[in-house]
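One structure is given here, and the rest of the page talks about it.
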Amino acid sequence: MGSVTLRNIRKSYGPVEVLHGIDLDVADGEFVVLVGPSGCGKSTLLRSLAGLETISAGDISIDDKVINGLEPKNRDIAMVFQNYALYPHMKVRENMAFSLKLNKVPKDEIESKVAKAAEILSLTAMLDRYPKQLSGGQRQRVAMGRAIVRDPKVFLFDEPLSNLDAKLRVQMRSEIKELHQRLGTTIVYVTHDQIEAMTMADKIVVMKDGHVEQIGAPLDLYDTPANLFVAGFIGSPSMNFMSCTAQGGKAVLSNGQVLGAAPAGLGEGQAFTAGVRPEHFVIGSGALDAPVTLVEPTGAEIQFTVDIAGDHVLITTRDRVTARLGDTLNLSVEPGKLHAFDPETGARLGGV
Ligand SMILES: Nc1ncnc2c1ncn2[C@@H]1O[C@H](COP(=O)(O)OP(=O)(O)OP(=O)(O)O)[C@@H](O)[C@H]1O
Ligand SMILES: [Mg+2]
């Protein structure tokens, strides 16, 4: 078992509070990703869970047992950091065995645990190499091996892939996800990369400025973001935002053009921020004429930047649309894909 419960976690450094009462439930075996911009408190929360930081208030429980006072080594948690610093003078097998040796685990047990972890991570053939004889991805796997041999209730990962190049990141992303499916262990994983969060998580926690903005399954956050911040943060390229007014059931732009149907529940004349994802525009059918200001073919799709009521709006399409700079695209928004947010608070007002 390895469920984790955080209740009203607060953390201050001196007079400055950086976590403002975080609540989170992680089910046994769940893969939870904490995501948010730099400085939002992801690492602080993870380190608090590991016992490397002392929290100022709140309760941390594993399997319903409060562990606030426990030393890191007694928490049954293993952490993998961005800077996974392997011991350079030790072979892979010694690196992986190190913590078990410190804990005076019998030698044959160490050997079988290291062999099993190496097998899982495809490192068996490399056990007698030194770290400098490995690629970046292999080193990262050794760092994971050090965590796996401890057979913890919970794995914590803090940006473990950020030192790797783009291609290796994608590969390791799949490997970690596969590893989770094989081991079934609870994972709390920190990243600032929303694609990593979307592709890996069972559940995403979006953080900003020491607060939780929204918790949910990846596609739930994508389809129904709770506020402007989550709407803009999740999804790449980002959702477009435009100022609108609800008039006769339509979302009317500041220049009087109609963007689409206004979501139900808005009052007549109510001002709101409309959100439309780039892939939710339909080209060639609609009342909205928008001049093209930039064309960027990526191969799989074409990205058009258009001017809608003075805003730059990004549109993606998989069709081979031939429009060029200066042409006008005739647009509509897919039915039900227009999000509405409160322009003052950013809270979701409706849509989809
Ligand atoms: N030891 C410390 N003393 C004072 N302030 C700190 C300390 N460690 C972190 N902070 C502050 O706490 C806030 C949260 O930091 P944290 O490292 O948790 O952010 P993060 O979300 O992990 O960011 P990043 O994506 O850049 O790693 C930041 O404003 C940071 O400046
Ligand atoms: Mg961090």
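Given the peptides 241-254, 141-154, arrange them by the average over their residues of other C-beta atoms within 10 Å, most packed first. Please list the in-between numbers first.
Numbers: 241-254: 17.6, 141-154: 21.9.
Ranked by mean Cβ neighbours within 10 Å, highest first: 141-154, 241-254.
Aspartates and glutamates near Lys113 by alpha-carbon distance under 15 Å, same-chain residues fewer than 8 away left out - which ones?
Leaving aside aspartates and glutamates fewer than 8 places away in the same chain, those within reach of Lys113 are Glu94, Asp151.
Place +1 on the Cβ of every Lys and Arg and -1 on the Cβ of every Asp and Glu in the chain, take the dipole about the Cα centre, and give the residue among Leu314, Gly256, Ala340 whose Cα lies farthest towards its positive end.
Leu314
With +1 on each Lys and Arg Cβ and -1 on each Asp and Glu Cβ, and nothing else charged, work out how big the dipole of region 94-152 is about its Cα centre, in Debye to the nearest 20.
Numbers: 11 positive and 7 negative charges, 50 e Å.
In debye, rounded to 20, region 94-152 gives about 240.
Excluding Leu45 itself, what net charge comes from residues whose Cβ is under 12 Å from its Cβ, given Lys and Arg +1 and Asp and Glu -1?
Values: positive: Arg10, Lys11, Lys42, Arg47; negative: Asp23, Glu53, Asp158.
Overall, the nearby charge balance is +1.
Treat each spin label as a single point 7 Å out from the Cα along the C-beta direction, and report the Asp202 to Glu119 distance in nm.
A separation of 2.5 nm, rounded to one decimal place.
Please give the charge dipole size of region 4-233, origin at the Cα centre, charges +1 on K and R Cβ atoms and -1 on D and E Cβ atoms. Round to the nearest 20 debye. Before the final figure, lay out the partial values.
On the way: 29 positive and 30 negative charges, 206 e Å.
So the magnitude is around 980 debye.
Based on alpha-carbon centroids, what's the gap between region 33-98 and region 238-297 in Å, whole number please?
Between the Cα centre of region 33-98 and that of region 238-297, the gap is 45 Å.
Between Asn255 and Thr54, what FRET efficiency comes out of the Förster formula 1/(1 + (r/R0)^6) with R0 = 51 Å and r the beta carbon distance, rounded to 0.05?
On the way: r = 55 Å, r/R0 = 1.08.
Here the calculated transfer efficiency is 0.40.
Using packing as a proxy for protection, rank 73-82, 120-129, 319-328 so that the peptide with the highest average count of other Cβ atoms within 10 Å comes first. Provide the component values of the computation, followed by the final result.
Details: 73-82: 17.9, 120-129: 15.5, 319-328: 11.6.
In decreasing order of mean packing, 73-82, 120-129, 319-328 become 73-82, 120-129, 319-328.
Just want the answer: with Cβ charges of +1 for Lys and Arg and -1 for Asp and Glu, which residue in Leu349, Thr305, Val212 is farthest toward the dipole's positive end in region 198-352?
Thr305
As a check on your grasp of the helix formula, calculate [θ] at 222 nm for the chain: sum -39500 (n - 2.57) over DSSP H runs of n ≥ 4, divide by the residue count, round to the nearest 500.
-7000 deg cm²/dmol
Report ³J(HN,Hα) in whole Hz for each residue of region 228-236, in order, from the Karplus equation J = 6.51 cos²θ - 1.76 cosθ + 1.60 where θ = phi - 60°; Gly and Pro get x.
Here the 3J(HN,Hα) series is 4, 4, 5, 4, x, 7, 8, x, 9 Hz.
Using the Cβ atoms and a cut-off under 14 Å, what net charge is assigned to the surroundings of Asp289, where Lys and Arg are +1 and Asp and Glu are -1? Numbers along the way, then the final one.
On the way: positive: none; negative: Asp307, Asp327.
In short, -2.
Read-outs: derived from the displayed coordinates by stated rules, not from any lab. These numbers were taken from a predicted model, which means no experiment stands behind them. For neighbour counting, all protein chains shown are included, and Cβ atoms are generated from backbone atoms with ideal geometry for every residue, glycine included.
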